[in-house]
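Here, each number is a calculation from the coordinates, and none is a lab measurement. All values reported here derive from a predicted model rather than from experimental measurement. Cβ atoms come from the backbone with ideal geometry, glycine included; neighbour counts cover every protein chain shown.
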């Protein structure tokens, strides 16, 4: 390595840096000029010195050459070997060389290059072996890596400690400058190393036995970094503070990028000029020097990762005091040691008071006096004598007092800053937590809406934003696991991707054995639905196929192509039986008549053709009676429907000669999108642009049932028996309807894009759908297959779940029954068949209580420990509306409304009354606290809290709306929650039950809230009412988590399973919906998520 970054200053001008002659005078050696030797030649060509093989020249100085060498024994390593130049072995050079070697040998510090070995060559020239450092000068390293001011100070601290070590060993370097401080990278860490002790001086011992002296008039060192006492020819008293001055110049350069005195200006006037500048001229402050650099200052600031204004401002405060103190002319005013220099840098980095400070006025006056001693001394001598004592004492006092005040102020400021930082950190943490929580709540609400509208892809994306660690899946919140299960729920029998070409048509055979479908490429594929695999691909016709139809008896498959050709295929052998020609252009629709002997076709040529399949010939053809309209034909081939265009109506024609007009649909509110005839042609399903789907009787023409949608319906399918209707629209949902009643039977979610085709089996039990992403799905429309819906005989008013979680009791006031449902099998058993009743299970599972609405009203207590259940007691009761039959948490107390408008507290163990709570009209709800110590009751306009054992009224809250039908305490009993008659869920802080105060209500419902229920873990509140929605809330934060359109009628009752994994809702639509959260295993299979911490 021969560049300027080599070890030990590797610059060829080493002699000029060691011995500077201002007038170009040459050093007079006391021996002959150097001459080449055999050693030099060998050294230049990879020779060997001792056990060191010379590899290359690292650098050359005034007295020696530094080689990169390789040590071969006892270890192999690369070293720097310095040897006196051939012919340069004068007494003074040898003395200086040995002094450097001895200086390095005395030193042992990680930031000073170490001496490994020493000796003489075969030719008698001394050498020594040093640690090889591959690095950059400290200023170049800092600039190249763009170190900040703090990083530069940190690196400089290590240099100060190394210099202090040398000083402690009695060694003065005398030539400290950036090129003698190399920075190497060790284990990705910058490590500075001080090198080149070639002109070092010992202050307490002799470095060598040979005479070492400096000739009169020489400047030993580098002028730019030389201290005044080192430059003074008359001074021989050089101590460690000379190195402090040089360190100050290096720090000045590290901070500003320039030297205190410009090199060109310094050297231009000769040696006397150099001494005068160094000894008498004060350097500019670093901030002033930086400001004078002009455009170069921008480069300097960028290399320190800041801007000029910021760097100048920073230097102009305290930072520049440090280098200015180090380079003071009077060495007694410099730092006393390199350690004190380092301490002051650490003070600055810590923000502690500095030892350094700006030059005082007293010092400046003193310098003025020394410069003008004669004129001033006579005037000032008397004054100095008189006031000296006062000045000294005052200065010391002021400094001590100021230092104490500054120190105290800094301590106070530091403590205040710490407190502010802690407050800000806490506030930031709370804000971040609140933001995460709000994002979670928003995503849950949007995911629920996406699921409702069939956008399962969006729902899954929103849920995936809150993924916990796998070890935390068991702690995922109910609402997330519920939505996760719903979003991944698959109700299809099976499905597949049809390929790259769009699906053109689908058809189902009789008994839904075969599915035929074709794509825009014209290929017809047959899928065996029993085997759930593709059976075959029909031979490719001459043109693309666009329409398909199976005969009702399953014997034939008809296909229609672009060329107007209709092909008949035998389903049993899948062979082509006949071809029918007649249409000019594409065949757009095919249907078999119910008698199986005729085939009806529609073509792009706007003709309707009827074919006799017994003779494979056309029977009749009819032209489209209107222009620019769509056509639909009945399965029996008797009626033709013309629709579309701008008239918002449908005209029905008889498929007879002259196409007589049979009926005209009154103008609708929107464009007619589709017409689907029933198999008997007595009615038709018509969808319009106003999002309505209506069944019309055709003779006489009148509407029967409207199946209102929230989106436009583009696809309609009607089963051959006319019982089941399927619709699909812009929300990607498929809805299954009972045609006669208009009741929505099922909502099928699975498509993430628009549905393009629908096809129902003849019995309506199997449905095939295709979407614009070319996915085909096969579904069952039978709602009895639902595992999360229990179909009731009538409306569901009350529900209760047994503590073992496997039994559900429901009440049907219309049919005067109470049913017990086995939740494992979904089977129901009639328990009461002669009266309306409200059921309630005791928490320990021993009791089933029934409030029977007989005359008179009674409460029956049944023992569940026997088989069958045994009725053990009948208690007189009074009529009440609401959910007020409750057991205490320990199952010992049963509360119900008794005659006389009182609530009875009944001891189930002692079988006796514990007392009554007065003044409770028919509308009332009840709730026990978790410890059973308190009971809350709600009635017309009042909510009260009672002590159970003493029956003392503790507090009463006036509710603005009557009919408080449901109450519950939070899991910690610090909050009371009530279902309100004004569509709100009200909350009170009851930390002190005697002094409750209201909290913000939960708003979202649009009608009366009938019941609320808190999950067993207390984290989720469920509410339901007359707006038919189920809403889940965070009861503590008062935030709505999601809204689900749970039923088509009022939600009258809610109940949680004991483990909190399922929620049951009973409705006036005669169904019980089971909302199950996905299990940890189900979540693990597809990846898990959960609620963030509050």
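Taking just the alpha-carbon atoms of region 562-672, what radius of gyration and Dmax come out, in angstrom?
Every Cα atom of region 562-672 included, Rg and Dmax give 15.1, 49 Å.
For region 541-623, what mean projected area does the convex hull of the alpha carbons give, in nm²?
If I average the Cα hull's projected area over directions, I get 4.7 nm².
For region 985-1059, what does the alpha-carbon gyration tensor say about shape, rounded, prolate or oblate, given a ≥ b ≥ c as the root eigenvalues, a/c under 1.5 as rounded, and a/b over b/c as prolate?
prolate
Among 563-576, 601-614, how do they line up by average Cβ neighbours within 10 Å per residue, starting with the highest?
Per-residue Cβ counts within 10 Å, averaged per peptide and sorted highest first, yield 601-614, 563-576.
Can you give the extra length, in nm with one decimal, that the chain gains between residue 534 and residue 57 once fully stretched, where that is 0.36 nm per residue apart less the Cα-Cα distance?
163.6 nm
How much length is gained on full extension from residue 489 to residue 280, taking 0.36 nm per residue of separation minus their Cα-Cα distance?
Extra length from residue 489 to residue 280 when fully extended: 66.3 nm.
Given the peptides 1049-1058, 388-397, arrange them by the average over their residues of other C-beta atoms within 10 Å, most packed first.
Result, highest mean first: 1049-1058, 388-397.
Report the percentage of all Cα-Cα pairs in region 247-364 whose separation exceeds 18 Å, rounded to a whole percent.
Above the 18 Å cut-off, region 247-364 has 55 percent of its Cα pairs.
If you average 1/r across every pair of different Cα atoms in region 267-327 and take the reciprocal, what Kirkwood value do you get, in Å?
About 13.1 Å for region 267-327.
Summing -39500 (n - 2.57) over the DSSP H runs of n ≥ 4 in the chain and dividing by its residue number, what mean residue ellipticity at 222 nm do you reach, to the nearest 500 deg cm²/dmol?
Calculated from helices alone, the mean residue ellipticity at 222 nm is -7000 deg cm²/dmol.
Rank by packing, highest mean first: peptides 237-249, 146-158, with packing defined as the count of other Cβ atoms within 10 Å averaged across residues.
237-249, 146-158
For mean projected area of the Cα convex hull in nm², one of [x] 89.4; [y] 76.0; [z] 51.1 was computed from the structure I shared and the rest are decoys. Which label?
Among [x] 89.4; [y] 76.0; [z] 51.1, the one calculated here is [y].
What FRET efficiency do you get for residue 497 and residue 581 if R0 is 30 Å and r is their Cβ-Cβ distance, rounded to the nearest 0.05?
After rounding to 0.05, the efficiency reads 0.30.
At 0.36 nm per residue, and after removing the present C-alpha to C-alpha distance, how many nm does the segment from residue 307 to residue 406 gain when stretched out fully?
Here the answer is 32.7 nm.
If you split all Cα-Cα distances of region 687-788 into 5 Å bins from zero, what percentages do you get per bin, shortest first?
2, 13, 24, 25, 20, 10, 3, 1, 0
Let me know the shape class of region 833-920, please: from the alpha-carbon gyration tensor, a ≥ b ≥ c as square roots of the eigenvalues, rounded when a/c is under 1.5, otherwise prolate if a/b is greater than b/c, or oblate.
Oblate.
Which whole-angstrom value gives the distance between the alpha carbon centres of region 140-193 and region 616-684?
97
Kirkwood hydrodynamic radius (Cα pairs, Å) of region 608-756?
For region 608-756, the Kirkwood estimate is 16.1 Å.
Work out the FRET efficiency for residue 1080 and residue 614 from their Cβ-Cβ distance, taking R0 = 56 Å, and round it to the nearest 0.05.
Calculated transfer efficiency: 0.30.
How high is the FRET efficiency from residue 417 to residue 114, r the C-beta distance, R0 45 Å, rounded to 0.05?
Taking R0 as 45 Å, the efficiency between residue 417 and residue 114 is 0.55.
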